[in-house]
1. Considering the chain as a Gaussian network with a 10 Å cut-off on Cα pairs, which listed residue, K118, K70, K168, attains the greatest mean-square fluctuation?
2. What distance in nm separates the two pseudo spin-label positions at E120 and E80, each 7 Å out from Cα along the beta-carbon direction?
3. Take the Cβ-Cβ distance between E40 and K178 as r, set R0 to 30 Å, and report the resulting FRET efficiency rounded to the nearest 0.05.
4. Hey, what angle do you get for helix 56-66 against the long axis of the chain, alpha-carbon based, 0 to 90 degrees rounded to 10?
5. Of the residues T114, T79, T128, which exhibits the maximal mean-square fluctuation in a Gaussian network model of the chain defined by a 10 Å Cα contact cut-off?
6. Under a 5 Å amide H to amide H cut-off, with H placed in plane at 1.01 Å, what residues pair with A89 once short-range neighbours are removed?
7. Please build a GNM for the chain, connecting alpha carbons under 10 Å apart, and tell me which residue among E40, E75, E57 fluctuates the most.
8. Compute the distance in nm between two label points, each set 7 Å from the Cα along the Cα-to-Cβ direction, one at I138 and one at E4.
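The numbers here are math on the coordinates, done by the rules we state, and not lab data. Fair warning: this is a prediction, and the values are worked out from it, not measured in the lab. Virtual Cβ from ideal backbone geometry, glycine too; neighbours counted across all protein chains shown.
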Amino acid sequence: MNNEKTRTFISIEFPDEVIKEVARIQNLIKNKKFTGKITELENLHLTLKFLGEINNENLNRVKKLLSEIKLKEFEAKLTELGTFSYRGAPKIVWIKVGGEGIFNLQKQIDVVLTSLLKPEERFMSHLTIARIKYVKDIKDFYNYIENISVKPIKFSVKSFKLKYSELKPLGPVYKTIKEFKAIN
């Protein structure tokens, strides 16, 4: 039996209009001096659940369990820009994604995968747009981020994906294992 493990997660992806808005905000963030990395546009996604390293047997179980979800298309929207911090210093810059449907879908994923994984304790619907290693003037960086407004772009979510992440020297490469489409 093959015991190879795959680093997996479940996510939704974004339409071009959302990606263009993220690119606009990333360009504004680049104006501030920091050490870190802007998320590649092709890697943008909203993680509904990180599964971690799982073997092929469990991967097949996950696919089967996820196909039990009866996804109905729903609307979501970009809301605000913010940061996750560690010891007062910014580490992640994110855009919050609103919409009740995202939280409902995330709950359904937790429910169907309950035999394999613990439910999320604190799900925060966001997309990571930059990872920060170092900022010289922390207060100035926070003030700058607080003054960037996000266009409240609405978009339809018509599917979610089970993906795997391959860690490469230049950053992760994400590939779709299976897409689960909304039922009409």
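1. Maximum among the listed residues: K168.
2. 1.8 nm
3. Efficiency for this residue pair is about 0.85.
4. Around 90 degrees separate the two axes.
5. Among T114, T79, T128, the largest mean-square fluctuation in the Gaussian network model of the chain belongs to T114.
6. For A89, whose amide H was placed from the backbone, there are no distant partners under 5 Å.
7. In the Gaussian network model the winner is E57.
8. Rounded to a tenth, the inter-label distance reads 4.4 nm.
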